[in-house]
Amino acid sequence: MSFEHAPVTKGLMLGIALGSIAIGIFDLKHYTHLQLVPHISQYHQYWRLFTHHLVCANSSDLFLVELLLYYVSVRIERTFGSVKFASFLMITMLVSTISTFLTLLILHAFRFLGNVFNVVPSSPIAIVFSILYQYTRLVPEAYQVKVFGLDLNDKVWVYILAAQLTISQFPRTLVPTLVGLHAGYLYRSDILQLKSWRIPHRVLTFCEVWVNPWLGEGTVVRRTNRVLPEARPRRHTETPQVNEEEVVTTARGRGRPDPIDSLRRQTAYVQRQTDIQTLTGMFPNVRPAAITAVLNRSPNVEAAAALLLSSQRNL
């Protein structure tokens with residue numbers, strides 16, 4: 001899996017990594033976490049409500065966040081599209097900020113809970129779990145295994161990483177975890193009509209002109225995932241010149257087919273049939289013609305499976 005068709009995820013991962021390294025180098029970690037008392041209530045440092053989403057205070061949280069974003073966020077961005085996914089991140093950050101602040105105020109009304117949940121660590125946990133909620137709802141499972149009588153699927157490894165992130169600084173990480181899941185549910189259910197909002201066109205133009213070149217998203221280089229032999233240069237042999245008047249035959253010679261092109265077509269056909277059989281096994285009630293049409297419109301088989309799954313849920 002690569003970052004193809006996922007520039008927003010690449011920028012998000014680079015930004016979190018560089019920001020976390022920068023606050024460690026310049027000794028700014030004490031400015032990044034969110035604490036209701038006294039930073040918000042007495043010193044009125046409201047910028048902490050936003051900055052605690054942007055960086056990680058320790059290397060273990062940074063490692064888990066980067067792993068989860070790589071395995072989860074890339075697939076969701078390919079399903080949504082880059083513009084919708086960037087809008088989803090902005091909405092998630094705004095909803096999570098408001099929800100976190102209100103949750104801390106409510107818990108502060110109770111003395112014991114106010115002391116336990118007074119601090120929220122600096123880490124994009126709410127954003128990660130909001131993306132994880134979309135991953136749970138949209139991405140279908142690829143296979144199932146049975147371990148000690150329990151039916152598990154391929155998503156269990158992602159959930160183990162998410163659980164490790166939740167208990168990394170427990171119970172301080174409990175609030176952003178629940179807030180992130182709640183933000184993902186609000187966006188998915190569209191109760192507040194948030195799905196229709198998009199980032200302004202001027203911001204998109206600025207990112208395409210100034211940000212994409214730094215991410216290496218200029219000219220896309222198409223790379224094949226199949227190993228093919230390189231074409232060898234043909235040797236030119238001298239042929240005797242023949243007088244045109246002596247040529248009396250009218251038969252046309254046929255050129256020899258290129259073996260590289262034939263191998264490429266055969267491999268593409270086999271991969272195509274494999275993808276169709278995989279989707280047919282996952283969705284036996286869908287006609288083969290519909291599966292072929294969806295596969296033609298999708299960049300890969302995972303995106304086609306997600307599109308078929310979402311169309312069945314909307315029925």
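The values are calculated or read from the model by the stated rules, or taken from the named source; none is laboratory data. Being a predicted model, the structure only gives us computed values, none of them experimental. A quick note on method: Cβ atoms are made from the backbone with ideal geometry, for glycine too, and the neighbour counts reach across all protein chains shown.
Identify all residues within region 182-199 that are part of a helix (DSSP H, G or I) and surrounded by fewer than 16 Cβ atoms within 10 Å (Cβ to Cβ); write none if there are none.
Here is the first cut: in region 182-199, the residues part of a helix (DSSP H, G or I) are 182-189.
If the condition is that a residue be part of a helix (DSSP H, G or I) and surrounded by fewer than 16 Cβ atoms within 10 Å (Cβ to Cβ), then 185, 189 are the ones that fit.
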### Query
What do you reckon, is residue 73 in the same structural domain as residue 182 (by TED's automatic domain parsing), within 17 Å of the chain's Cα centre (by Cα) and buried (at least 19 other Cβ atoms within 10 Å of the Cβ)?
yes
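Assess whether residue 89 counts as being of a type in the set (A, V, I, L, M, F, W, C) and more than 15 Å from the chain's Cα centre (by Cα). Explain how you work it out, then say what you get.
On the way: of a type in the set (A, V, I, L, M, F, W, C): yes; more than 15 Å from the chain's Cα centre (by Cα): no.
Criteria not met by residue 89.
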### Summary
Matching residues in region 1-22 (without any contact (Cβ under 8 Å) to a residue 40 or more places away in the chain and buried (at least 18 other Cβ atoms within 10 Å of the Cβ)) number 1
### Query
Out of region 101-113, which residues are under 20 Å from residue 50 (Cβ atoms) and loosely packed, with under 11 Cβ neighbours inside 10 Å?
none
#### Entry: Candidates 136, 92 - the one that is closer than 27 Å to residue 66 by Cα and in contact (Cβ under 8 Å) with a residue 40 or more places away in the chain
92
### Task
Kindly indicate whether any position in region 114-125 is in a helix (DSSP H, G or I), crowded, with 18+ Cβ neighbours inside 10 Å and in contact with a Gly (Cβ under 7 Å, 6 or more places away or on another chain).
yes
### Selected residue (criterion: surrounded by the most Cβ atoms within 10 Å (Cβ to Cβ)) from residues of region 38-60 that are touching a residue at least 12 places away in the same chain (Cβ under 8 Å) and in contact with a His (Cβ under 7 Å, 6 or more places away or on another chain)
52
### Number of positions in region 126-155 that are under 21 Å from residue 178 (Cβ atoms) and in a strand (DSSP E or B)
0
### Query
From the residues in region 23-37 that are among the hydrophobic types (A, V, I, L, M, F, W, C) and not in a helix (DSSP H, G or I), which one is surrounded by the fewest Cβ atoms within 10 Å (Cβ to Cβ)?
26
### Message
Being surrounded by fewer than 18 Cβ atoms within 10 Å (Cβ to Cβ) and either modelled with pLDDT of 95 or more or of a type outside the set (Lys, Arg) (or both) is the requirement here; does residue 64 meet it?
### Response
no
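Anything in region 15-32 that is within 16 Å of residue 127 (Cβ to Cβ) and at pLDDT 95 or above? List them, or say none.
Initially, region 15-32 is screened for residues within 16 Å of residue 127 (Cβ to Cβ), giving 15-17, 19-20, 32.
15, 16, 17, 19, 20 - these are the residues of region 15-32 that are within 16 Å of residue 127 (Cβ to Cβ) and at pLDDT 95 or above.
If we scan region 97-106, do we find a residue that is free of Cβ contacts under 8 Å to residues at least 24 places away in the same chain and over 24 Å from residue 8 (Cα atoms)?
Yes, the conditions are met somewhere in region 97-106.
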### Filtered residues of region 38-75 (kept if assigned to a helix (DSSP H, G or I), aromatic (Phe, Trp, Tyr) and closer than 17 Å to residue 98 by Cβ)
50
